[in-house]
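Trainee: I have a structure I would like to understand better, so I am pasting it below and will then ask my questions one at a time.
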Amino acid sequence: MEDPTPTDLLLGIDVGTTTAKAALFDLRGQHVASAVSEYPTRYLANNAVEQDPEDWWNAVCLSIRTLFELSKDRINRIRAIGVSAQAPTLLPVDQSGVPVRPALIWMDRRSGQQSQDLSERFGFDAIVQRTGNRPDPFFVASKLRWMSEHEPSLIKRSRWFLQINGFINHRLTGEFTLDTVHRSLLQLHDQSSNGWCDDILEWCGVESDLFPVASGGSEVIGTVHRSAAEATGLRIGTPVVCGTVDGAAAALEAGVFDPGTAAEMTGTSTVLMMPTSTRRPHPAFISMPHAIPERSLVLAAMVSTGACLKWFRDELGSLEKQQAKKMGKNVYDLLTAEAAKSSPGAEGVFFLPYMMGERSPLWHTEARGVFFGLSLASRKADILRSILEGTAFALRQNIETARDAGLAINTVRSVGGGARSSLWCRIKADVLGLPIEVVKDSGGAPFGAAVLAGTGCGLISDPSHFLRKVVEVEETYQPNLRLSDGYSQRYHHFCNLYTSLKELYNDAAALPPFGR
């Protein structure tokens with residue numbers, strides 16, 4: 001490989017829950033350019049949530065081509081590519097890499113019964129210790145069992161089961177890949193022996209050779225081939241590394257790899273990434289390797305935080321959408337500006353942010369969103385602020401559970417779209433009673449993917465040393481102690497609301513549909 005030059009670039013791609021983002025970074029870690037493309041999600045009956053993999057690829061191609069529209073010379077300056085993605089996903093493809101059905105993304109919870117069967121068959125605690133994670137429809141094992149029971153003909157047509165970054169890697173290089181971080185979320189791999197759980201695979205109705213051999217996230221797995229170059233504008237022969245999970249990429253983006261500082265990434269969902277020096281499986285959280293060697297991550301993952309704001313935007317925010325279009329502004333800036341018109345406590349309005357059930361720490365599929373305390377005096381501003389506060393309360397619930405488990409959290413670094421809202425950051429600082437640090441020039445998960453790309457092609461020799469140099473904190477939001485005291489009282493009420501509704505959620509989910 002040629003020696004690096006000051007004009008060299010790294011391309012990071014992140015395929016999230018709602019958008020694909022492509023971003024370019026130089027070797028000083030500076031963000032050069034980025035582009036985003038949105039794609040649809042299908043919400044079906046029985047908690048089923050699917051996406052079309054072709055939509056991911058089309059969005060990736062569009063985002064990359066957009067990067068080159070203003071500066072064609074960028075193409076030849078890209079030295080390597082890395083891809084991160086939402087996870088985990090059940091995506092079966094045939095021997096040519098063509099999907100045999102739409103993908104079941106992480107949000108899909110149709111396999112609740114299969115998850116319960118997994119726990120009963122192998123033991124809840126045994127599953128946690130072997131795989132690092134609790135039995136839950138979030139992971140791939142129960143989804144595979146569901147597919148074996150309901151779509152056995154499609155299982156027979158499947159040659160590979162891929163994760164999203166593996167699908168994009170295949171489109172870029174022709175290679176079938178799986179990275180070690182995604183592998184840990186399949187619930188099919190024994191974390192202690194570093195081998196497959198053959199008994200669980202058999203129960204799922206598949207064999208281990210249906211999964212690609214796992215590689216490290218910074219390992220070069222191939223180069224851009226001709227058809228991918230034609231679709232994206234990339235240069236043929238550009239190296240591509242295996243990539244990682246978006247949460248691990250976001251931890252890199254935030255420069256978080258030592259215990260004590262956690263990274264909070266809010267986009268469609270919120271993930272709190274807590275580094276540990278040793279593997280720490282806990283049933284309330286998700287456990288997976290860090291993208292940095294000899295580090296692990298404990299993840300608290302909430303289902304719908306930013307998605308609650310998106311729901312408000314789509315269903316109740318028509319005025320803000322019109323204003324944003326007319327003014328050339330981001331609609332979310334207008335929504336949070338409206339929320340700022342309400343006072344702390346949202347004038348007595350509470351919001352439980354469980355619009356699609358909840359993961360950490362509740363793991364309750366049937367939970368749903370609730371506005372509590374509405375009156376005829378309630379305004380749009382109060383409702384919007386209650387969404388911001390409710391998601392912050394859910395974050396605090398995870399942090400308190402983590403502390404009870406012995407994890408130290410002294411500071412939270414905020415990245416992702418939610419970090420751009422100063423109001424939301426202030427609310428989080430006051431609710432948590434912790435400093436919220438916002439990273440300067442945050443490039444999102446694509447930056448973490450780009451760091452892996454630079455490491456794989458030899459341009460970054462030590463990723464942790466590199467991150468310590470380039471990751472800067474732009475602003476720190478210190479908690480207002482007076483507001484923190486008031487929020488603590490409301491937090492306990494928030495927790496009591498969920499406890500009071502827990503069984504009602506289950507009863508409501510059991511009611512048969514009618515009137516359709």
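The values are calculated or read from the model by the stated rules, or taken from the named source; none is laboratory data. This structure is a prediction, so every number in the text was calculated from the model and none was measured. Counting neighbours? That spans all protein chains shown, and the Cβs are built from the backbone with ideal geometry, glycine included. Just the protein is used for accessible areas: all its heavy atoms, side chains included, with ligands, DNA and RNA removed. Shrake-Rupley method; radii C 1.70, N 1.55, O 1.52, S 1.80 Å.
Trainee: At what distance in nm do the modelled label points of E294 and K502 sit from each other, each positioned 7 Å from its Cα along Cα→Cβ?
Mentor: 4.1
Trainee: To check my understanding: the extent here is largest minus smallest coordinate of the Cα atoms along each principal axis. What are those three numbers for region 1-121, in Å, largest first?
Mentor: 57, 29, 28
Trainee: While we're looking at this one, here's another question. Taking only Cα atoms of region 268-352, what ratio of Rg to Rh do you get with Rh as the Kirkwood inverse-distance radius?
Mentor: When Rh is taken as the Kirkwood radius, the ratio is 1.16.
Trainee: According to the Cα gyration tensor, what semi-axes, each the square root of 5 times an eigenvalue, does the equivalent ellipsoid of region 173-319 have, listed from largest to smallest in whole Å?
Mentor: 27, 25, 18
Trainee: Take the solvent-accessible surface of the protein heavy atoms, probe 1.4 Å, and return the percent of it on region 66-204 that carbon and sulfur atoms account for.
Mentor: Numbers: 2070 of 4800 Å².
C and S fraction of accessible area: 43 percent.
Trainee: May I pose another question? For region 184-223 and region 65-96, write down the distance between their C-alpha centroids in whole Å.
Mentor: A separation of 23 Å, based on Cα centres.
Trainee: Using a cut-off of 18 Å between alpha-carbon atoms, which aspartates and glutamates can reach K72, once sequence neighbours fewer than 8 places away in the same chain are excluded?
Mentor: D8, D26, E230
Trainee: A 19 angstrom limit on the alpha carbon distance is what I want to check against. Which of K440/K469; K341/K428; K21/K428; K325/K440; K21/K321 exceed it?
Mentor: Going by Cα-Cα distance, K21/K428; K325/K440; K21/K321 fall outside the 19 Å limit.
Trainee: Oh, and also: Over region 374-512, give the accessible area per residue in Å² for a 1.4 Å probe, as an integer.
Mentor: 44
Trainee: Gap in Å between the Cα centre of region 473-509 and the Cα centre of region 429-470?
Mentor: The two parts, judged by their Cα centres, are 29 Å apart.
Trainee: Give the long-range amide H neighbours of V439: residues separated by 5 or more places, or on another chain, with amide H under 5 Å away, using H modelled in the peptide plane at 1.01 Å from N.
Mentor: Residues meeting the criterion, in which the H sits 1.01 Å from N, are S414, E474.
Trainee: Taking 0.36 nm per intervening residue step and subtracting the Cα-Cα distance, what contour gain separates L374 from S148 on full extension?
Mentor: The span from L374 to S148 would gain 76.8 nm if fully extended.
Trainee: How large is the helix-only mean residue ellipticity at 222 nm for the chain, computed as the sum of -39500 (n - 2.57) over DSSP H runs with n ≥ 4, divided by its residue count, in deg cm²/dmol to the nearest 500?
Mentor: About -12500 deg cm²/dmol.
Trainee: Follow-up question, since we're still on this one. Which whole-number value in Å² is the accessible area per residue of region 89-230, probe 1.4 Å?
Mentor: Numbers: 5230 Å² over 142 residues.
With all protein chains present, region 89-230 gives 37 Å² per residue.
Trainee: Quick one: which of 136-142, 70-76, 396-402 comes out on top by average Cβ neighbours within 10 Å, and what's the full order, highest first?
Mentor: Result, highest mean Cβ count within 10 Å first: 136-142, 396-402, 70-76.
Trainee: So what's the Cα pair-distance distribution over region 111-257, bin width 5 Å, in %?
Mentor: All Cα pairs considered, the percentages come to 2, 10, 16, 18, 18, 15, 10, 7, 3, 1, 0.
Trainee: Throw me the Rg/Rh for region 323-384, computed over C-alpha atoms with Kirkwood Rh, two decimals. It would help to have the intermediate numbers written out before the result.
Mentor: Working: Rg = 14.6 Å, Rh = 13.4 Å.
That ratio equals 1.09.
Trainee: Okay, moving on. If each of E472 and D258 carries a label point 7 Å out from its Cα toward its Cβ, how far apart are those two points in nm?
Mentor: Simple spin-label model gives 2.0 nm for this pair.
Trainee: Taking only protein heavy atoms and a 1.4 Å probe, what accessible area per residue, in Å², does region 240-363 have with all protein chains in place?
Mentor: Using a 1.4 Å probe on heavy atoms only, each residue of region 240-363 averages 33 Å².
Trainee: A further question follows. Sort 84-93, 460-469, 276-285 by the packing proxy (mean of other Cβ within 10 Å over each peptide's residues), most packed first.
Mentor: Numbers: 84-93: 26.7, 460-469: 15.4, 276-285: 17.2.
Listed from highest to lowest mean packing, they are 84-93, 276-285, 460-469.
Trainee: Tell me, what HN-Hα J-couplings in whole Hz come from the Karplus equation 6.51 cos²θ - 1.76 cosθ + 1.60 at θ = phi - 60° for each residue of region 96-105, using x for Gly and Pro?
Mentor: Ordered by residue, 3J(HN,Hα) equals 8, x, 8, x, 8, 6, x, 7, 8, 7 Hz.
Trainee: Residues of region 73-88 with backbone nitrogen within less than 16 Å of a virtual label 7 Å along the Cα-to-Cβ line of I236, please, listed as ranges.
Mentor: 76
Trainee: So what's region 130-183 giving for Rg/Rh, alpha carbon basis, Kirkwood Rh from the mean inverse pair distance?
Mentor: 1.02
Trainee: May I pose another question? Counting only the backbone N, which residues of region 79-94 are under 17 Å from the spot 7 Å out from the Cα of S227 toward its beta-carbon?
Mentor: 93-94
Trainee: Highest first, please rank the peptides 107-113, 145-151 by the mean number of other Cβ atoms sitting within 10 Å of their residues.
Mentor: So the order, starting with the most tightly packed, is 107-113, 145-151.
Trainee: For region 324-478, what log10 I(q)/I(0) values come out of the Debye formula at q = 0.18 1/Å, with one point per alpha carbon and no solvent?
Mentor: Normalising to I(0) and taking log10 leaves -1.21.
Trainee: Next question. Plugging the Kirkwood radius over Cα pairs into Stokes-Einstein for region 47-88, at a temperature of 20 °C and a viscosity of 1.002 mPa s, what D comes out in µm²/s?
Mentor: So the translational diffusion coefficient is about 170 µm²/s.
Trainee: Related question: Between rounded, prolate and oblate, where does region 393-464 land on the alpha carbon gyration tensor, with a ≥ b ≥ c its root eigenvalues, rounded for a/c under 1.5, else prolate if a/b exceeds b/c?
Mentor: Taking the square roots of the gyration eigenvalues as a ≥ b ≥ c, region 393-464 is oblate.
Trainee: How big is the shadow of the Cα convex hull of region 462-516, averaged over all directions, in nm²?
Mentor: Details: hull surface 38.9 nm².
Averaged projected hull area, Cα only: 9.7 nm².
Trainee: Sticking with this structure for a sec: Dipole size in debye (nearest 20) for region 307-397 around its Cα centre, Lys and Arg Cβ +1, Asp and Glu Cβ -1?
Mentor: It comes to approximately 300 debye.
Trainee: Now a separate question. What is the Cα convex hull volume of the chain when expressed per residue in Å³? All intermediate terms of the calculation are to be shown ahead of the outcome.
Mentor: Values: hull volume 78.0 nm³, N = 516.
Taking the convex hull of the Cα positions in the chain, it is 151 Å³ per residue.
Trainee: Carbon and sulfur together cover what percent of the accessible area of region 419-514 at a 1.4 Å probe radius?
Mentor: Percent of accessible area from carbon and sulfur atoms in region 419-514: 51.
Trainee: Additional query: Do you know the relative contact order of the chain, to the nearest whole percent, from alpha carbon pairs under 8 angstrom that are 6+ apart?
Mentor: Across the chain, relative contact order equals 15 percent.
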